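The values are calculated or read from the model by the stated rules, or taken from the named source; none is laboratory data. Given the structure is predicted, the values throughout are model-derived calculations rather than measurements. Here the Cβ is made from the backbone with ideal geometry for all residues, glycine too, and neighbour counts use every protein chain on show. Areas reflect the complete protein model, heavy atoms only, side chains present, ligands, DNA and RNA absent. Shrake-Rupley method; radii C 1.70, N 1.55, O 1.52, S 1.80 Å.
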Amino acid sequence: MLGLVTTKRGELERKDELKRRIDQAARYLPLEQLALSPQCGFASGARGTKLTVAEEIAKLRLIVEVAREVWG
């Protein structure tokens with residue numbers, strides 16, 4: 001599991017950067033054994049995070065989009 005999408009700030013990661021990092025990981029493990037995820041949960045602390053629900057949804061959509069583009 002590649003926790004490449006931060007849950008600590010609302011700014012979205014760039015797709016090309018995520019794909020580059022997935023490619024780097026694929027040098028060590030077959031792509032079929034890898035997956036993309038947030039780095040941790042959106043409420044990983046007692047107070048949760050400062051992200052809005054809309055930002056959290058955008059992060060999850062980004063993960064789905066990149067995963068579909070990489071793994072089909």
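Being open to solvent by 50 Å² or more (accessible area, probe 1.4 Å), among the β-branched types (Val, Ile, Thr) and touching a strand residue (DSSP E or B) at 6+ places or on another chain (Cβ under 7 Å) is the filter here; which residues of the stretch 17-72 pass it?
Passing the criteria: none in range.
State all residues of the stretch 23-72 that are in a loop (DSSP other than H, G, I, E, B), within 11 Å of the chain's Cα centre (by Cα) and within 11 Å of residue 5 (Cβ to Cβ); if no residue qualifies, say none.
Scanning the stretch 23-72 gives 39, 40.
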